[in-house]
1. Select the strands (runs of 3 or more DSSP E) contained entirely in region 149-236, then report the ones holding at least 1 residues which are touching a residue at least 40 places away in the same chain (Cβ under 8 Å).
2. Answer yes or no: is there a residue in region 408-424 that is in the same structural domain as residue 348 (by TED's automatic domain parsing) and within 16 Å of the ligand (Cβ to nearest atom).
3. Please go through region 284-301 and give me each residue that is outside any strand (DSSP E or B) and either at pLDDT below 95 or among the hydrophobic types (A, V, I, L, M, F, W, C) (or both), ordered by number.
4. Out of (1) more than 18 Å from the chain's Cα centre (by Cα); (2) more than 9 Å from the ligand (Cβ to nearest atom), what's the single condition that is false for residue 203?
5. What are the residues in region 237-255 that are part of a helix (DSSP H, G or I) and within 15 Å of the ligand (Cβ to nearest atom), if any?
6. If you go through region 42-95 one residue at a time, how many are within 27 Å of residue 297 (Cα to Cα) and among the hydroxyl-bearing types (Ser, Thr, Tyr)?
7. Only one residue in 358, 437 is closer than 25 Å to residue 166 by Cβ and β-branched (Val, Ile, Thr), so which one is that?
8. Quick one: how many residues across region 316-331 are in contact (Cβ under 8 Å) with a residue 40 or more places away in the chain and either surrounded by fewer than 21 Cβ atoms within 10 Å (Cβ to Cβ) or closer than 18 Å to residue 300 by Cβ (or both)?
Amino acid sequence: MFSRILIANRGEIALRIIRACRELGIETVVICSKADENALYLKQADITVCVGPPESEGSYLNIPSIISAAEITDIEAIHPGYGFLSEVAHFAEVCESSNIVFIGPRADVLKKLGNKTEARKIAIANKIPVVPGSESVIKSQQQALDVAHKIGYPVIIKASSGGGGRGMRVAHNDISLVNLLSVAQREAEAAFKDASVYIEKYIENTRHVEVQILGDNYGNIVHLGERDCTLQRRHQKLVEESPSPAITPRLREEICKAAIKIARAVNYTNAGTVEFLVDNNTGNFYFIEVNTRLQVEHPVTEMVTGIDLVKQQIRVACGERLNLKQKKVRNQGVSIECRINAEDPQNGFRPQPGKVTIYNPPGGQGVRVDSHVHTGYEIPPFYDSLISKLIVYQKTREEAIACMKRALGEYTIGGIKTTIPLQLELITHSQFASGNINTNFVENYLSRSKD
Ligand code: ADP
C-alpha cells in the first residue's frame, strides 16, 4: 500500500479522500490555494502545500506547481478528486513520467473517453445504443441542418469536450439550430478550449440513469449498480438516488451489462461512471458518456453496496487485485443525496460567497453529511458553489424520503442562502415521491412557482 499520497483538490472531496486515507493508514499531502489557506479541513491532512493564487488556473489547475509539491513532499500517488484535473489526460501523463501513480484510469482511456464524440463511436462499435445523432463533430451549418432533418427536431447541440452541462443547446427548428450552433461553439471554446460540437436527438421525456464501474489492472471489471440523477437544473444534477425508482430489473440488467461492455472495450481501470438516458415514453436506453473519475454522487452507491469507492480506487491504483466479485456485490436499501449549494434559488441561483455564521448539520440514524463547512467558514467566491452533500440511507424509498425531509429540516446554515429550502420542496413533492419525473421536472416546477 502507498505510504503517502497527495490530494489535488479542495473542499468536501479533499476531506472525503483524507478520511479514506486515514483509515487506510496512508499519510496525506493536500494542496491549497491562497483562498483556502486557512480552511480548517486542511488540519486533517498531514502536510499542506499552498500551490498558488485563489484563481484555479494558477493553483488547482497548475500542473507544474502541483508536481513540484508532489516532489518536495515525496508522495507516491495523486488523487485528483472530481473536477479540476481529474479527467485531464495530460496531467495523468505528467504524473506517469514523474513516477507518480495517478489514481484514476490510464491516460489513453482518459483521452478516448474524454472526447464525447469518440466515446459515442466506441459505443456504436460495441453495439451499445446511442441517441440518434451526428456521426462525428459538426463541420458546417449545412451538415448540422442535414443531421437535424434526418433525425427530426428537437435536437440538442453538445460540446465534444463537454461537462457540467455547459455548451449544450436545444434547437426546435432550422433558424434556432443555425443561431444556437455558433452560441454552443463559442461557449464550448470558452469553457473547454475546444469549440467542437455534435448533435443528438433531444429526448424530451427522459431520465438520467448511470452505472458505477470499477476495474483493476488485471482485467477485472465489476459494476456496482445504478444511480438515478433525473432531478436536474440546467442539465446539472441536484438530487441523486440509488436504486433508480423507475427501471425494471430487466432494464437494470441490460444497462449494467452495456456499461461493463464499454468498460471492457477500453480496458477500463479504476472507478468510472457510464451515463445513459432512459426514454420514459419508450423504455429505450441510450449511452451518453463516460465520466472517467469519482463522481460527486458516489456516496449513494457506497451506502447501498457498503463499498468505500475511494479506498477501492486507492487499492487498485496501488496494483492490488479487485477484492470484489460481481456476484458478491449486493445492493440493498435506498440512498438519496441532496447537493447543498451556496446559491440563492429565489434570486436566479446567484452564488453566495461569504461567512457562514451558523452551521448545524443534521445527524441521527441513516444520515451522512459530506462537507468541510463549519461555523465561521468563509466561502470563497472562486470555486464551485457545492458546499455539502446530505446523504440518507434507509430500507425503503418512502423511509429515505422521510429521513431526508427530517434531515433537511434540521440542517441550519446561517449567514448565506443555500438550496436547502428548494431541496425540501422538491423531495417532498408528490411527483418525486411517485418516481414519475423527467429531467425537466425542476425547471417546470420553478416556472410554475414563479406564476
Ligand atoms: P455533461 O457532460 O455536460 O454533464 P451529458 O452528456 O452528461 O453532459 O448530459 C447532461 C444532461 O443533459 C443529461 O443528464 C440530460 O439531462 C441532458 N441531455 C444530454 N443529452 C441529451 C439528449 N440527447 N436528450 C435529452 N437530454 C439530454
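1. Numbers: elements: 155-159, 169-171, 197-201, 206-215, 221-233.
Result: 155-159, 197-201, 206-215, 221-233.
2. Of region 408-424, the ones in the same structural domain as residue 348 (by TED's automatic domain parsing) are 408-424.
Next, only the ones that are within 16 Å of the ligand (Cβ to nearest atom) stay: none.
No, that holds for no residue.
3. 294, 296, 300
4. Among (1) more than 18 Å from the chain's Cα centre (by Cα); (2) more than 9 Å from the ligand (Cβ to nearest atom), the lone unmet condition for residue 203 is (2).
5. Pass one, region 237-255, residues part of a helix (DSSP H, G or I): 249-255.
Once the filter is applied, which keeps residues that are part of a helix (DSSP H, G or I) and within 15 Å of the ligand (Cβ to nearest atom), region 237-255 yields only 255.
6. 6
7. On the way: 358 fails: closer than 25 Å to residue 166 by Cβ.
Residue meeting the stated conditions: 437.
8. Here the count works out to 10.
The values are calculated or read from the model by the stated rules, or taken from the named source; none is laboratory data. These numbers were taken from a predicted model, which means no experiment stands behind them. Cβ sites come from the backbone with ideal geometry, for glycine too, and all protein chains shown count toward neighbours.
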